[in-house]
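Comments concern the structure below.
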Amino acid sequence: MIQLSRNYSLPEKKEDDLAIKIIGVGGAGANALDRIVLDGMEHAEMIAINTDVQSLASSVATSKVQIGREVTRGLGAGGDPELGYHAAREAAGELREALAGARMVFVCAGLGGGTGSGAAPLIAEMAHENGALVVAFATLPFAFEGKRRTAQAMEALHELQRVSDAVVCFENDRMGDIVLPKAGIHQAFAVADTTISQSVRAIVNVVRRPGLIRIGFDELIAALRSQNSRCLFGFGESDSDNRAHEALALALKNPLMNRGKMLTDAQAVLVQISGGPGMTLTEVEIVMQELNRHVEDHTQILFGTSVDGKMGNRMSVTLISSLSAEGSAQPAPMRRASKTAPKPEPPVVEPEPAFEAEPESIPIATEYATPLPEPVTTTSEEAEPEPVAEPAMEEDAAPVAELPPPARRVRKPAPKIEPEQTPELAPAKKDKCVQARQEVMQFEPVTRGRFEKSEPTIVEGQDLDVPTFLRKNVRVK
Amino acid sequence: MASSNLMVGLEIGTSKICVVVGEGKPDGTIKILGVGQAPSRGVRKGEIVDFETAMKCVHEAVVDAEEKSDIMIRSVYIGITGAHIQSFNNRGCVTLPEERDEIDEQDVDDVKINAREVSIPAQNAFLHSIIQSYHIDGHDGVLSPVGMLGQRLEADFHIIHGVRNRIQNTIRCVKELPLDVEDVVFTAFASAQVVLTQHQKNLGALVIDIGGGTTDYILYVDGAVRQSGVLAVGGDHITNDISMGLRIPMTRAEKLKIEEGSTVLGNCLPGETVLLKDDSGFAGKEVERETLNTIIHMRLRETFELLKRRLEDEPYLDYLGEGIFITGGCSQLNGIDNLAEEVFGVPARSSHARTMSGLTSAFENPQFSAAIGLIKYAQAMQGDRQPRGGIRGLMGKFFQRMR
């Protein structure tokens with residue numbers, strides 16, 4: 001069984017240095033940000049950025065930046081991305097100040113309008129230049145909002161994809177699927193906000209929570225890697241007797257998940273399971289087994305689990321994946337081509353193929369089959385390719401030595417964040433490490449015999465169909 | 001059925017289906033006329049998973065019972081179990097109109113309806129609302145309020161409910177045969193009717209019915225049901241554990257459990273073995289007796305511990321004056337009463353149906369407790385109904401009008 005020993009709280013402390021900023025750009029972004037704030041988010045700074053003073057004033061975010069004082073005079077951008085762009089340009093100084101010091105920046109924006117479409121890509125770019133890792137959460141407009149808005153949104157989305165490390169894209173149309181036809185339009189938008197809020201929180205938790213098997217940012221990017229894509233995101237939480245099953249069912253029910261049907265086409269799925277200290281191995285196993293039914297054999301499963309005292313009785317399952325919509329219209333290396341070109345940053349392109357190559361070569365099945373001694377070793381090992389610090393590294397390195405060799409970025413550990421990991425990582429070993437990272441936990445082949453196909457009886461977190469002596473580890477014979 | 005005091009109880013168990021035909025005597029006792037049974041297939045953990053197969057098995061059992069009792073079965077009382085069954089206690093309340101202060105039957109019905117007006121999940125249906133006690137104007141401990149004076153009638157009910165579709169499945173399985181379903185009864189409630197006497201119910205007792213697929217329990221204190229429920233673990237699990245632990249087939253594990261199994265640990269000689277005979281009679285595998293017992297012991301201990309934790313949600317476990325009565329097929333396991341006594345810290349014994357006449361072999365077998373209990377329940381129900389329609393009912397109404 002997994003047990004959380006006292007020492008495990010240590011990594012958490014370290015991570016507190018990892019400054020996270022969540023930025024809402026434009027009206028929709030502000031709404032999403034408000035939702036995140038209201039739902040409660042610790043260790044992150046919330047910044048609302050808008051052209052519209054009124055909307056800015058009503059936001060509950062901790063800090064606010066008004067852009068386009070001259071261009072829009074405190075009004076909105078009027079649905080014109082050009083205006084939004086210029087507004088952001090004008091306030092570049094203030095924006096840089098607001099973004100300073102962030103290691104990780106989440107940019108939430110509703111695309112299709114003026115401020116969101118125009119300013120968000122610029123802000124993402126600035127954040128990136130500042131050395132932060134940028135994840136953009138973009139909502140695409142409803143189809144009924146008109147073709148023009150959709151076109152603007154798509155353009156902005158491409159721009160965002162170019163400048164961010166990952167883009168999580170929410171299609172409002174799909175979001176509307178779960179809202180009752182009779183429900184007010186407010187509710188439809190609220191669902192979008194809630195989903196964004198959940199996913200930001202989930203991603204923050206994925207990266208921050210001290211994990212027994214931790215998921216690093218690299219895995220996150222691997223999961224979201226196919227660009228120009230539809231993001232599959234699911235989050236479920238439950239505290240019932242059958243919480244493992246229920247949390248997963250809820251996660252699969254998410255509007256962006258389509259009941260897990262779309263998971264079958266995904267290349268890589270990131271799964272993060274977290275729960276209170278009472279979470280059992282069996283429960284984790286139940287989730288993984290059920291999830292395996294929803295994905296193809298070749299799909300790479302990036303698996304992480306963490307124990308958090310704050311979760312109490314609850315257990316949550318987060319699924320993140322992406323699906324190339326039109327046969328991967330945008331191949332990965334195109335991502336940060338032109339805009340970032342003046343800055344010496346070409347190696348950014350590099351991680352992509354690296355991550356792509358690895359997953360495909362090792363099917364997840366074999367990984368699980370390989371036994372590993374203890375989850376404990378994992379924790380120290382898995383965090384190794386911590387890219388969170390990498391951009392920072394690069395920024396430091398870039399001005400001095402131009403264009404570090406592409407491979408370097410991948411190889412470089414994150415000394416600032418996980419200094420204790422460094423010795424483990426002989427560069428030569430690197431490839432091996434990446435492969436080994438996932439094999440972390442070997443599940444004992446627990447069988448339920450006669451009850452294999454029946455509904456499991458789960459009481460107090462234990463699957464009662466599994467023989468008692470097996471669960472209690474009593475040796476017979 | 002020829003006469004109305006012939007009653008049939010049908011229990012669709014996980015390991016066997018039994019049909020008991022009984023005759024209610026005017027003095028309240030029951031005579032067992034015949035017992036039909038058939039091995040059960042298509043049932044897991046007390047619930048039907050293979051409709052067609054289960055139906056065939058029920059048919060077999062019913063035919064068997066008809067042959068044995070020489071009676072044509074038309075309608076039955078069925079026992080229901082399964083992990084979906086839940087229960088809780090609730091209080092209903094009605095206030096009488098200003099101008100009236102005598103409580104009549106209508107008020108009692110109203111208070112019952114009132115008590116049911118609690119939210120159970122949408123897909124669930126009520127199985128039983130069992131009265132615990134009435135309170136009139138805050139004065140408690142009233143047993144029969146009709147005719148008493150008061151303004152405010154309250155009643156505590158123990159409400160048992162389950163998922164409607166799953167209950168319907170069992171009913172449909174019987175109706176397809178075709179047989180009429182008179183009523184549906186929670187099996188532990190049925191078992192308790194014959195395992196416990198009224199006196200024992202008053203003193204406080206816990207009935208644990210460990211069947212093939214489920215463990216059903218019901219707790220009485222002060223003559224009223226206080227807690228009840230189902231744990232979807234039963235004899236099947238023990239057999240499965242043995243089969244997996246000793247790596248032998250299920251059928252042989254089942255046989256080994258019945259013939260050699262015991263829950264008592266440390267009672268055998270070191271290295272004592274049981275010889276598993278091959279089908280052909282040749283010596284097969286040797287199994288260490290202590291290993292076998294350990295497997296059984298661990299499972300049952302865990303089951304009892306889970307039960308205890310569930311029961312400890314409410315304080316009634318301390319009021320068991322009569323202790324624990326274990327019935328159902330699994331109660332035949334050697335030493336199970338000692339184990340229960342050890343876990344619960346209350347006297348426990350294996351028990352079977354009492355106060356019967358007729359086929360001794362039937363009612364002394366704990367496997368039939370629930371099915372016989374169904375008959376007892378049926379008798380109580382019919383007893384309830386008759387006076388209302390019969391002479392006493394008329395007389396009662398007459399007297400009411402006079403007053």
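The values are calculated or read from the model by the stated rules, or taken from the named source; none is laboratory data. Everything quoted here is computed from the prediction, not taken from an experiment. Using ideal geometry, Cβ is built from the backbone for each residue, glycine included, and neighbour counts are taken over all protein chains shown. These accessible areas exclude ligands, DNA and RNA; they are computed on the full protein's heavy atoms, side chains included. Shrake-Rupley method; radii C 1.70, N 1.55, O 1.52, S 1.80 Å.
Details
- Screening the candidates B:THR81, B:THR53 for the property of being open to solvent by 10 Å² or more (accessible area, probe 1.4 Å), at pLDDT 90 or above and under 22 Å from the mean Cα position of the chain (by Cα) yields one hit, B:THR81.
- Failed condition for B:MET72, given (1) in a helix (DSSP H, G or I); (2) open to solvent by 30 Å² or more (accessible area, probe 1.4 Å): (1)
- The strands (runs of 3 or more DSSP E) located wholly in segment B:263-334 that include 3 or more residues which are open to solvent by less than 60 Å² (accessible area, probe 1.4 Å) and modelled with pLDDT of 90 or more occupy B:323-327.
- Every residue from segment B:222-234 that is away from chain A (no Cβ under 14 Å) and surrounded by 24 or more Cβ atoms within 10 Å (Cβ to Cβ): B:VAL225, B:SER228
- The set of residues from segment B:340-378 being open to solvent by 50 Å² or more (accessible area, probe 1.4 Å) and assigned to a loop (DSSP other than H, G, I, E, B) comprises B:GLY345, B:PRO347, B:HIS352, B:ARG354, B:THR355, B:LEU359, B:GLU364.
- Selection status of B:VAL194, in a helix (DSSP H, G or I) and more than 14 Å from chain A (Cβ to nearest Cβ): yes
- Scanning segment A:70-91 for any residue that is more than 30 Å from A:ASP218 (Cα to Cα), among the hydroxyl-bearing types (Ser, Thr, Tyr), assigned by TED's automatic domain parsing to the domain that holds A:LEU33 and surrounded by fewer than 19 Cβ atoms within 10 Å (Cβ to Cβ) turns up nothing.
- From B:ASP318, B:ASP236, B:ASP313, B:ASP222, residue being among the acidic types (Asp, Glu), within 32 Å of the chain's Cα centre (by Cα) and under 23 Å from A:ARG448 (Cα atoms): B:ASP236
- The lone exception for A:HIS86 - which of (1) free of Cβ contacts under 8 Å to residues at least 60 places away in the same chain; (2) in a loop (DSSP other than H, G, I, E, B) it fails: (2)
- Selection status of B:PRO97, assigned to a loop (DSSP other than H, G, I, E, B), more than 14 Å from chain A (Cβ to nearest Cβ) and out of contact with any Lys or Arg (no Cβ under 8 Å at 6 or more places or on another chain): yes
- Matching residues, segment A:27-44, being surrounded by 18 or more Cβ atoms within 10 Å (Cβ to Cβ) and either more than 21 Å from A:ILE67 (Cα to Cα) or not small (Gly, Ala, Ser) (or both): A:ASN31, A:LEU33, A:ASP34, A:ARG35, A:ILE36, A:VAL37, A:MET41, A:ALA44
- Residues of segment B:235-251 that turn out to be crowded, with 20+ Cβ neighbours inside 10 Å and either more than 10 Å from chain A (Cβ to nearest Cβ) or aromatic (Phe, Trp, Tyr) (or both), as a count: 1
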